[in-house]
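A short write-up of the structure that comes next.
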Amino acid sequence: MTERAVGELESRADIKRPTLPLWQNALVILLTLTYLICELAFNSRLLDLVGSLSTPDDIHSMERYGRALTAIAAALLVFQLVLAGNAWLKKRGVEFPAPWVAGMVFSLCLLTGVVTWQMVEWVIERQVAQSTGEFRQKSMLAQLYQQSLIDGHQTLEGIPLDDDGSQRDTWTSPSGKAFLAMLPLLMSSVSRYHELLEREAGQNLRDSISVQEGGLLGYYKLWLAARGEIYKDYLGYNSATETKGLYNGVAIPARLDWESFFMLEVVQNTLRDKLALPRDTRVRPEYPKDDALKQFAQDLQAPHLDHAMHQQLPRLQAALASYGVGGENEKRGEDAARAVIVPPIALMFSLLGALTHLAKLLYLLLLPLSAALLYIAPWRPVRLVNRHPLIFPVMLICLLLGLCSVMNNSITASPAYQSLRHALQGAEVTITDAPSSLRGDTLLRVIHAVSIGQSYSYPLNHALRQNVLLDFDFGYETRNE
């Protein structure tokens with residue numbers, strides 16, 4: 001476009017043009033687009049986190065990245081507003097030196113980012129610090145329930161089953177991950193589900209212990225390592241020439257064969273300690289592999305899991321006061337509450353930031369584009385967009401939110417979800433001792449919209465993370481990667 005054409009365009013009062021100079025407008029567009037890519041990529045990684053077995057460190061790491069992105073989103077808004085304000089003053093003859101403007105923009109953006117970071121942290125930590133002992137305990141039980149769903153030990157009645165009878169495909173889908181992100185908060189804060197959590201606590205804890213150990217194969221490898229250590233002891237014992245020997249301070253006969261040595265009570269006690277087994281369990285030196293380790297699972301793994309579960313369950317079901325301030329389980333309770341609270345809040349801030357800056361990006365693109373098109377032809381729709389450039393972005397965002405609220409997927413159309421919807425009508429959501437204005441049915445509507453939205457946005461978000469951000473993991477490395 002020639003300088004004369006540009007001059008004519010700028011001289012037309014009926015055409016609305018960007019407040020910012022061209023280079024500043026392009027800079028804001030570039031920064032906004034970069035932020036959107038990072039935010040959408042983070043959103044996909046957050047869903048990967050809640051759809052797998054994660055640790056408190058994983059949650060804390062992702063929380064920091066989420067807060068950083070929210071702080072950047074707020075700083076970008078201030079960045080544009082300050083530049084627009086400076087341009088508005090400049091047109092009215094009030095002009096400041098460029099270094100002063102740059103310093104003011106940097107300072108205000110930095111201040112906004114820091115304040116936003118602290119505010120998000122305050123919101124989360126306040127909820128965690130003021131959460132009740134009951135919420136913290138139920139958060140631990142809800143996490144166990146969630147993990148049992150993810151690893152396939154538990155199924156949620158009314159959710160469609162896979163061909164193998166499990167629901168693994170459902171919970172690894174984007175909509176399933178989004179649902180699982182909200183489910184622990186729902187079950188921890190609504191009292192009607194507490195009985196279910198308590199009833200399933202023992203089995204879910206047992207399953208969790210098995211998964212942490214790597215299942216049957218993982219425990220078999222542990223047995224092989226323990227047997228290898230005993231065999232080294234046997235070789236040392238067998239090389240001695242005395243008529244009697246000592247093993248762990250206990251006198252034993254000399255020149256025993258391997259199996260007799262292995263079955264000695266002192267050796268068995270050592271194995272029980274290494275393998276966390278009940279005192280009456282007998283450990284064999286060999287277990288057949290041609291039966292898919294069924295004998296091993298029955299003789300060793302099952303007693304071990306029962307023993308470990310009964311050891312850990314009393315602490316899990318300790319008095320609610322022990323999860324409060326100064327209680328024995330305060331730290332574990334806080335970690336559990338944080339793990340339940342952070343994913344939904346992070347998803348909400350991520351969604352809010354992405355939608356806000358998507359609307360802003362469309363506004364920044366539509367205003368100069370519509371102005372250029374009006375110079376070519378005065379089309380009425382283009383003129384409408386030019387005079388009210390926020391109409392299209394806002395209508396698009398509202399349309400997307402509306403569609404996500406009314407559409408269904410395999411989860412939201414399932415009998416289990418419909419049962420949840422009816423059961424949560426008017427149910428209170430209780431995290432702290434203070435009364436909450438949030439109700440269970442409101443929380444479920446949020447779950448619905450997020451679940452539907454993620455069904456369609458996750459593939460794009462995941463592709464952005466892998467291809468544009470070169471598989472950046474945002475502080476969470478999947479165990480099987």
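The values are calculated or read from the model by the stated rules, or taken from the named source; none is laboratory data. If you're wondering where the values come from, they're calculated on a predicted model, not measured in any experiment. Please note: Cβ atoms are built from the backbone with ideal geometry, for glycine as well, and neighbour counts cover all protein chains shown. Please note that ligands, DNA and RNA were not included when accessible areas were found on the heavy atoms of the full protein model with its side chains. Shrake-Rupley method; radii C 1.70, N 1.55, O 1.52, S 1.80 Å.
Taken along its three principal axes, the alpha carbon spread of region 184-280 comes to 69, 22, 17 Å, from the longest extent down to the shortest.
Per-residue ellipticity at 222 nm from helix content only, as computed over the chain with -39500 (n - 2.57) for each DSSP H run of at least four residues, stands at -23000 deg cm²/dmol.
Over the Cα atoms of region 36-172, the radius of gyration divided by the Kirkwood radius equals 1.20; this is the Rg/Rh ratio.
Our compactness index for region 241-339, the C-alpha radius of gyration over the empirical 2.2 N^0.38 Å, is 1.61.
Hydrodynamic radius of the chain by the Kirkwood approach over all distinct alpha-carbon pairs: 26.9 Å. Principal-axis analysis of the Cα atoms of the chain puts helix 302-316 at an angle of about 60° to the longest axis. Residue separation of Leu246 and Gln312 scaled by 0.36 nm, minus their Cα-Cα distance, works out to 20.3 nm of gained length. What's log10 of I(q)/I(0) for region 409-481 at q = 0.12, 0.23 Å⁻¹, Debye sum over Cα points only, no solvent? Values, matching the q order: -0.56, -0.97. The mean of 1/r over all pairs of different alpha-carbon atoms in region 186-243, once inverted, gives a Kirkwood hydrodynamic radius of 15.1 Å. Over all distinct Cα-Cα pairs of region 277-324, the Kirkwood formula returns a hydrodynamic radius of 12.8 Å. Taking a straight Cα-Cα cut-off under 18 Å and skipping sequence neighbours fewer than 8 places away in the same chain, the lysines within cross-link reach of Lys16 are Lys90, Lys91, Lys360. Overall size of region 331-481 from C-alpha positions, given as principal axis extents largest first: 64, 41, 33 Å. Applying D = kT/(6 pi eta Rh) to region 84-234, where Rh is the Kirkwood radius over alpha-carbon pairs, T corresponds to 25 °C and eta to 0.890 mPa s, the Stokes-Einstein value obtained is 119 µm²/s. Its Cα gyration tensor gives region 277-385 an equivalent ellipsoid. The semi-axes, each the square root of 5 times an eigenvalue, are 64, 26, 8 Å from largest down. Measure out, as a whole number of angstrom, how far apart the alpha-carbon centroids of region 159-235 and region 17-33 sit. Between the Cα centre of region 159-235 and that of region 17-33, the gap is 50 Å.
Translational diffusion of region 24-103, estimated by Stokes-Einstein from the Kirkwood radius over alpha carbon pairs at 37 °C in a medium of 0.692 mPa s, is 217 µm² per second.
For region 266-334, GluC sites (Glu not before Pro) meeting the loop criterion (DSSP other than H, G, I, E, B) and having at most 15 other Cβ atoms within 10 Å: Glu286, Glu328.
For the chain, the longest principal axis of the C-alpha atoms and the axis of helix 194-212 are separated by about 70°. Filter the chymotrypsin sites (Phe, Trp or Tyr not before Pro) in region 238-338 down to the DSSP loop ones having no more than 13 other Cβ atoms within 10 Å, then list what survives. Here no chymotrypsin sites (Phe, Trp or Tyr not before Pro) fit, given the DSSP loop and packing criteria. Measuring only protein heavy atoms, the 1.4 Å probe finds Cys38 accessible over about 40 Å².
Among the trypsin sites (Lys or Arg not before Pro) found in region 417-481, those both in a DSSP coil and sparsely packed, with 16 or fewer other Cβ atoms within 10 Å of their Cβ, are Arg479.
Note on Met348/Ser191: beta-carbon distance plugged into 1/(1 + (r/R0)^6) with R0 of 35 Å gives a FRET efficiency of 0.90. Between helix 98-130 and the chain there is an angle of about 40 degrees, using the helix long axis and the longest principal axis of the Cα atoms. Based on Cα atoms of region 305-365, Rg over Rh with Rh as the Kirkwood radius reads 1.37. Extension gain, Leu469 to Asn238, is 77.2 nm, computed as 0.36 nm per intervening residue step minus the present C-alpha separation.
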